[in-house]
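These notes are about the structure you will find just below.
The values are calculated or read from the model by the stated rules, or taken from the named source; none is laboratory data. Please read these numbers as outputs of a predicted model, since none were measured by experiment. Here Cβ is always computed from backbone atoms with ideal geometry, including for glycine, and neighbour counts include all displayed protein chains. What goes into the accessible areas is simple: the full protein's heavy atoms, side chains included, and nothing from ligands, DNA or RNA. Shrake-Rupley method; radii C 1.70, N 1.55, O 1.52, S 1.80 Å.
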Amino acid sequence: MAGVSSSIRNSHSSNQIFASRLLFILTALPLTLAAFAFILQWRGGLNNDPTTRWATDNHEFPGMGGSSAPSDHLSHSSSDCSLLLGHSSSPSFPCYRDWKFDYQSDLKPKICITTSTSAGLEQILPWIFYHKVIGVTTFFLFVEGKAASPTVSAILESISGVKVIYRTRELEEKQAKSRIWNETWLASFFYKPCNYELFVKQSLNMEMAIVMARDSGMDWIIHLDTDELIHPAGASGYSLRQLLLDLPSNVDMVIFPNYESSVERDDIQEPFSEVSMFKKNYDHLPKDTYFGMYKEATRGNPNYFLTYGNGKSAARVQDHLRPNGAHRWHNYMKSPNEIKLDEAAILHYTYPKFSDLTSRRDRCGCKPTKEDVKRCFMLEFDRAAFIIASTATEDEMRRWYHEHIVWSDKALNMKLMRKGILTRIYAPMAIIQGLRESGAFRSVIEASLSKGSLVSSSNKTSNSSGDHISSSESTLSSRKMGKITVSQATVRKVLQIASNISFASYAVAAIPPLSPPGLDDHHKGEELLSL
């Protein structure tokens, strides 16, 4: 019995020792792994882990210059930087750290965006880097106003893949001799102020961008405003590059229907990071839903969307390509083969800030009358907003803004959300917030300042013998340019019609910003079907 008892005691003791060792191992192993991971991260060893990077088609985005600590001189660089450099309570996104967004030569297709802008850094930097993340390689920025100032333009010029083109007298003289200025399809937009003048400038700039795109080896070109983001829904990896890569080779143009932002407050400061609710385009809705909920979705405004509803487009860079207004492209030798996307869209951030009312007013010198605004603005809502901003007190403007723009009725929002008219889109917000938290914008600003590029840009501006012109001077110069060349243009048109370019290419008038279909269109369609 004694031997049996001793054996039991030894066995029990062995079990206790084994259990103690197992418990020690189970406790020590996670701690060891955690310490090992911490050491690797501290030494930068995890930066090469592909799971911590965003990639499309197994191509990693290369590193972006390491962000350094905030410098004291940042506060003096630009008032635009406060929003870009501010920290939020959102978690940071370390996967964006150390990215340069420099694309390898074998990445296909190569995509460029062209824009005409007078915005500041707080809008342009998030816009550029968001589109870099989804696959855009090159940006042609035609700048005026704040965007052309020494501080802002120097920072923009320091970004890889960004080409800044200033609106100089030399540029306007060159555009006065351009092909599209002397053709009929754009003629109805000449000699009118505000939106019409901008539309002509955009078209002329797009014509130049096509040449630059070809010289840079681009495969696709897109015209986009800096208050618009491409939303490549339905594409693998949320990649615009993959979306265009998957298209048949015979497709010349891709139309992105636009969604319109639906702000829920009147104190938005950074729309790309604060707005997540959008109204869907007519093309992405069942027709019975669109027309059935039309009045509720319009909320007393002139149309379903506040501004345009005919989307934007991407064009394959090829021979004889030309712009067809700011929303479309065309070809001198053929009718482009175009398709409209079923999921991807352009997110248009329309009047997202209360200050947009007065900023638009300040850019246009029209009289605030119903008759005069018709020659300044193409769309009815823009006309109404201009009149209110020009005649009302700030309190009256605030009330009007709430009634016509802010979506504060949560019950209505939920109803339209269930019907699919309103939708939540978070991807752009997450990407841009991640870029901000990782120091992407700060790195660009610090790098530009550290290189002294602000000084060189300032000298370049002062030494240009008056080449940079103000917005008001540009307006006068543009109108004068048209009047000088109009008689020569008439002769050119006759000669060109007799050339090898088909007359059909002139018959396609420029497509302006168009409102979505209204109830009158629906009733007319029903009448035609009943005949």
Note to self: Please list, ordered by chain and number, the residues whose modelled amide H lies under 5 Å from the amide H of H223; skip anything fewer than 5 residues away on the same chain.
What the structure shows: T114, S313
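Ordering S178, S188 by how much accessible area each has at a 1.4 Å probe, largest first, what is the list?
On the way: S178 15, S188 75 Å².
Largest accessible area first, the residues go S188, S178.
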Margin query: Explain nothing, just the number: dipole magnitude of region 306-429 about its Cα centre with +1 on each Lys and Arg Cβ and -1 on each Asp and Glu Cβ, in debye rounded to the nearest 20.
Written below: 240
Item checked: Solvent-accessible ranking of S149, S438, largest area first, probe 1.4 Å -> S149, S438
Margin query: Give me the percent of accessible area attributable to carbon and sulfur for region 181-298, probe 1.4 angstrom.
Written below: 49
Note to self: Given the C-alpha atoms of region 362-436, compute the convex hull and give its volume per residue in Å³.
What the structure shows: 169
Notebook entry, point to check: For region 123-210, what is the Kirkwood hydrodynamic radius in Å, using each pair of distinct C-alpha atoms?
Noted result: 14.5
Margin query: Rolling a 1.4 Å sphere over the protein heavy atoms, what is the accessible area per residue of region 289-433, to the nearest Å²?
Written below: 44
Notebook entry, point to check: Can you list the trypsin sites (Lys or Arg not before Pro) in region 164-243 that are in a DSSP coil and have 16 or fewer other beta carbons within 10 angstrom?
Noted result: K177, R179
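Quick one: order R436, R322, R399 from most to least accessible surface, probe 1.4 Å. Working shown, then result.
Working: R436 25, R322 0, R399 135 Å².
Ranked from most to least accessible, the order is R399, R436, R322.
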Checklist line | Average accessible surface area per residue within region 154-206, 1.4 Å rolling probe, Å² | finding: 37
Checklist line | Quotient of C-alpha Rg and 2.2 N^0.38 Å, computed over region 254-331 | finding: 1.38
